[in-house]
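Read through the structure below, which is laid out as structure tokens, and then see the notes.
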Amino acid sequence: MRTRYQFHGGIHPPGNKTQSTQCSIARVPLPSRLVIPFRQHAGESAKPLVRVGDQVLKGQLIGMPDGFVSSAVHASTSGTIAAIDMQPIAHPSGMPDLCATLIPDGKEEWFPHAAVDYLNSDPAELRRYLRMSGVVGLGGAVFPCDLKLRPLRNHPNRNICTLILNGAECEPYITCDDMLMRERAAEIVQGAEMLRFMLEAREVLIGIEDNKPEAIAALQQAVTDSGLPFEVVVVPTIYPSGSAKQLIRILTGLEVPSGKLPTDIGVQCFNVATTYSVYRALAHGEPLLSRIVTVTGNVRHAQNFEVLLGTPVQELIALGEALPDTNRYIMGGPMMGMELASTDVPLVKGGNCIIAASDKLFPPAPPALPCIRCTRCAQACPADLQPMDLYWFAQSREFGKAQTFSLFDCIECGTCSYVCPSHIPLVQYFQFAKSEIRAREQDNLAAEHARERHEFREYRFEREKQEKAEKLAAKEQAVRQAQAAANPGVAAVQPEIQAAIDRAREQAAGVEPKNTGNPTPQQQAEIAEIEAQREHIRDLAKSAVEHTNGHDKN
Ligand code: SF4
Ligand code: SF4
């Protein structure tokens, strides 16, 4: 039996999972309107490929990935594009985003698609295919799946040793992965084999918390049936075991170092729902059009639904039948989810759960009190941080110190806030500090770009000035050479001409003549001789110019 390791800290909040696992996954009826955001993933928004009035088929590409970190967006069903505009979405910023409104025609007519022979395909081609299929991490991070399948550059073997399937689903209330594993275990195992093939991983571990016995049994049976050498590893139920770094620690004993990625230690981790989407994409040629969503909390019918992306959250809530005292809704779990400003937002790829909340179910937090340095938060922190110190630095805006204390290793799991006897909303402070640091880094980056642009502009001006001067000098040199060639006599006296010009310039500039005394008879004779020479030089110069002008006209 495989050894299980422990990670630092962790808590045991009430699971509240049984409410939504009593019925199997149900399909949501086709809504009258789908609002499909062009950004449902980490990174750059997809670029719209459709216009208002276009007829689209189910699975048709409507948003092209735009940038390295980006993903495709597809029509969730067949119908007509009624609008492409800014619409409210479920995002902590509360800002609207560009969306396509699709009016379904009810035919569910598919865009032509086909399975991919992945065993005879180049992994790079498969990665491109998954990018164009819009497959992203469905565990919450929504990071484009293809990027997690790239070969490693900094690992000794350039290979992933261990592929981990994350079926821990540790956050209270959420059961979408549990139900998916119970009902579609064989497909998940096939998807895991596809990922293993692309990564060339040596072993595949499927980690599931011990509070999901049905899912464990289903996966074990599917692995046995497949004949694949995968291992289902049952892990203790403790929050947040479903966080990638913590699950890696439990299953392998390896620590992902601060500021590093799992791939730096030869491990890659995929959520089971993402794995299922990879299977649908390669085995059926289907892009990511729907996902399983838990509707639970203060509702009459807590259940999991298979929901088309873009379905209004209101319609999901209507299926769950929220109770009258419901006063808010949470997308995600109670620990890491976010409160929705409005239910008039579409369901997106990262939306795993909708919780109807009431004050009875989630009593409002008492007013925060001063920190008493009890260190409970540090004892519970799964990232082994010192939350009370981070809180102090965030509060006093000492962001540099917060970074030194590994602020960015914080996974925002909410464990510290959960245990804090002073009810300090610690995670909010950490989120604030992170956003401030990111904003400052953006500002610094922008200032650095502006400085570089200014310096380049100055350099360009200087270079142009120098080039002009060089051209002028070359032209003058060419004229002098032409003059010399036309009249060698001029060339002989050229230094004297130049000296006379320089003297004239000096006089014009107010430079005092060097000798101001009365000339002696001998000097007067020399002056007369110089004047005669000058007259002669002027004549020579005049004839040279006339000759050059005549030459230029030829
Ligand atoms: S748990 Fe709360 S009161 Fe205790 S040290 Fe941490 S922040 Fe301070
Ligand atoms: S939110 Fe951050 S600091 Fe708090 S327990 Fe989780 S990882 Fe630690």
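Modelling each spin label as a point 7 Å along the Cα-to-Cβ direction, I'd like the V52/A469 distance in nm, to one decimal.
Result for the modelled spin labels: 5.9 nm.
Rounded to two decimals, what is the ratio between the C-alpha radius of gyration of segment 339-419 and 2.2 N^0.38 Å?
Here the Cα radius of gyration is 1.38 times the empirical estimate.
What is the magnitude of the charge dipole of segment 1-53 about its Cα centre, with +1 placed on the Cβ of each Lys and Arg, -1 on the Cβ of each Asp and Glu, and no other charges, expressed in debye to the nearest 20?
That gives segment 1-53 a dipole magnitude of about 120 debye.
Need the full-extension length gain, F197 to R4, defined as separation in residues times 0.36 nm minus the C-alpha distance. One decimal, nm.
Result: 66.9 nm gained on full extension.
What lysines sit close enough to K465 to cross-link, taking a C-alpha to C-alpha distance under 25 Å and skipping anything fewer than 8 places away on the same chain?
Candidates past the 8-residue exclusion: K475.
Where the only charges are on Cβ atoms (+1 Lys, Arg; -1 Asp, Glu), what is the dipole of segment 368-477 about its Cα centre, to the nearest 20 debye?
Approximately 180 debye in magnitude.
Given the rule -39500 (n - 2.57) for each run of at least 4 DSSP H residues, summed and divided by the residues of the chain, what is its mean residue ellipticity at 222 nm, to the nearest 500 deg cm²/dmol?
Numbers: 14 runs with 216 residues, N = 554.
Roughly -13000 deg cm²/dmol at 222 nm, from the helical runs in the chain.
If you filter segment 158-215 for trypsin sites (Lys or Arg not before Pro), then keep DSSP loop positions with at most 15 other Cβ within 10 Å, what is left?
R158, R202
Based on DSSP, what percent of beta bridges with both residues in the chain are antiparallel, to the nearest 5?
Roughly 60 percent of the DSSP beta bridges within the chain come out antiparallel.
Based on the Cβ-Cβ distance from D344 to E506, what FRET efficiency comes out when R0 is 60 Å, to the nearest 0.05?
It comes to 0.10.
Mind checking which of G320, L309, L288 is farthest towards the positive end of segment 286-338's charge dipole, using Cβ charges of +1 (Lys, Arg) and -1 (Asp, Glu) about the Cα centre?
Projecting each Cα onto the dipole axis, the largest value belongs to G320.
Which is the longest run of the chain containing none of the GluC sites (Glu not before Pro) found in DSSP loop states (not H, G, I, E, B) with at most 15 other C-beta atoms within 10 Å? Mind dumping the intermediate values first?
On the way: sites that count: E108, E109, E200, E255, E321, E398.
Longest site-free region, per DSSP loop and neighbour criteria: 399-554.
What's the exposure ranking of T296, T237, going from fewest to most Cβ atoms within 10 Å?
If I rank by nearby Cβ atoms, fewest first, I get T237, T296.
Give, rounded to the nearest 20 debye, the magnitude of the charge dipole that the chain has about its Cα centre when Lys and Arg contribute +1 at Cβ and Asp and Glu contribute -1 at Cβ.
Values: 55 positive and 64 negative charges, 104 e Å.
The dipole magnitude comes to about 500 debye.
Post the alpha-carbon centroid distance, segment 328-392 to segment 525-539, in whole angstrom.
100 Å
With a cut-off of 8 Å between alpha carbons and a minimum separation of six or more residues, what is the relative contact order of the chain in percent?
Values: 1013 pairs, mean separation 82.2, N = 554.
Relative CO of the chain lands at 15 percent.
Provide M338, M64, M179 in ascending order of the number of other Cβ atoms located within 10 Å of each residue's Cβ, fewest first.
Working: M338 12, M64 15, M179 24.
Going from sparsest to densest Cβ surroundings: M338, M64, M179.
Say the dipole of the chain comes from +1 at the beta carbon of Lys and Arg and -1 at that of Asp and Glu; which of T18, S435, I103 then lies farthest toward its positive end?
T18
In the chain, if the dipole is taken from +1 on Lys/Arg beta carbons and -1 on Asp/Glu beta carbons about the Cα centre, which of A218, G140, T274 is farthest to the positive end?
Toward the positive end, the furthest listed residue is A218.
If the limit is 19 Å between Cα atoms, which of K148/K245; K47/K107; K401/K434; K17/K212; K148/K260; K58/K148 go over it?
Distance filter (> 19 Å) returns K47/K107; K58/K148.
May I have the extent of the alpha carbons of the chain along their three principal axes, as whole Å values ordered from largest to smallest?
Its Cα atoms span 128, 63, 51 Å along the three principal axes.
Counting other Cβ atoms within 10 Å of each Cβ, which trypsin sites (Lys or Arg not before Pro) in segment 97-129 have at most 13 and sit in a DSSP loop?
Here the sparse-neighbourhood loop sites are K107.
Mind checking the full-extension length gain between R373 and D117? Use 0.36 nm per residue of separation minus the Cα-Cα distance, one decimal, nm.
My answer for the length gained is 86.3 nm.
Of all DSSP beta bridges located in segment 115-254, what percent are antiparallel, nearest 5? List each step's numbers first, then the result.
Values: 1 of 12 bridges.
DSSP beta bridges in segment 115-254 are roughly 10 percent antiparallel.
What whole number of Å gives the distance from the Cα centroid of segment 180-214 to the Cα centroid of segment 424-438?
If you average the Cα positions of each part, the centres end up 35 Å apart.
For segment 368-477, taking Cα atoms only, what is the radius of gyration to one decimal and the Dmax to the nearest whole Å?
Reported Rg and Dmax, both Å: 25.5, 87.
Every read-out reported here was derived from the displayed coordinates using simple, explicitly stated rules and does not represent laboratory data. Keep in mind the model is a prediction, meaning the values are calculated, not measured. Reconstructed Cβ throughout: ideal geometry from the backbone, glycine too, with neighbour counts over all protein chains shown.
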